[in-house]
């Protein structure tokens, strides 16, 4: 099963979904802004991506600073912030067969299907 953590307002997310569909891949579309991943889900995703919470955060969002987050914030603080404010999660994320890729650029996700 393939899942895309998707934000329809994000051009990279739309491009990634279109690319998957062009390759006859019909992913489960998770609108993560409406249905935020739990902290445990985020930990699993980070493990699959081999990334730290900071690497998955949109640190240029005004909300990042508004929440008082900075380079000294703990991983737990970042995970809670991403769960409570999913806008802070970099997107899109595609998960397939216990592997994950960030769709930046969108073509990255095709590596999951080789």
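The values are calculated or read from the model by the stated rules, or taken from the named source; none is laboratory data. What you are looking at is a predicted structure, and each value in this text was computed from that prediction instead of being measured. Reconstructed Cβ throughout: ideal geometry from the backbone, glycine too, with neighbour counts over all protein chains shown.
Being touching a helix residue (DSSP H, G or I) at 6+ places or on another chain (Cβ under 6 Å) and crowded, with 19+ Cβ neighbours inside 10 Å is the requirement here; does residue 89 meet it? Can you show your working first?
Working: touching a helix residue (DSSP H, G or I) at 6+ places or on another chain (Cβ under 6 Å): yes; crowded, with 19+ Cβ neighbours inside 10 Å: yes.
Yes.
Could you list all residues from segment 95-112 that are surrounded by fewer than 15 Cβ atoms within 10 Å (Cβ to Cβ) and over 19 Å from residue 47 (Cβ atoms)?
Across segment 95-112, the qualifying residues are 105, 107.
Can you pull out the helices (runs of 4 or more DSSP H) entirely within segment 1-67 that have at least 3 residues that are under 14 Å from the mean Cα position of the chain (by Cα) and under 17 Å from residue 83 (Cβ atoms)?
39-49
Considering only segment 62-99, how many residues are at pLDDT below 95 and touching a strand residue (DSSP E or B) at 6+ places or on another chain (Cβ under 7 Å)?
Residues meeting the conditions: 0.
Being under 12 Å from residue 95 (Cβ atoms) and touching a residue at least 12 places away in the same chain (Cβ under 8 Å) is the filter here; which residues of segment 30-41 pass it?
30, 32, 37, listed by residue number.
Just wondering, is there one or more residues in segment 77-98 that are assigned to a helix (DSSP H, G or I) and without any contact (Cβ under 8 Å) to a residue 12 or more places away in the chain?
yes
Just for segment 56-77: of the residues that are in contact with a helix residue (DSSP H, G or I) (Cβ under 8 Å, 6 or more places away or on another chain) and closer than 20 Å to residue 7 by Cα, which one is surrounded by the fewest Cβ atoms within 10 Å (Cβ to Cβ)?
Only one residue fits best here, namely 63.
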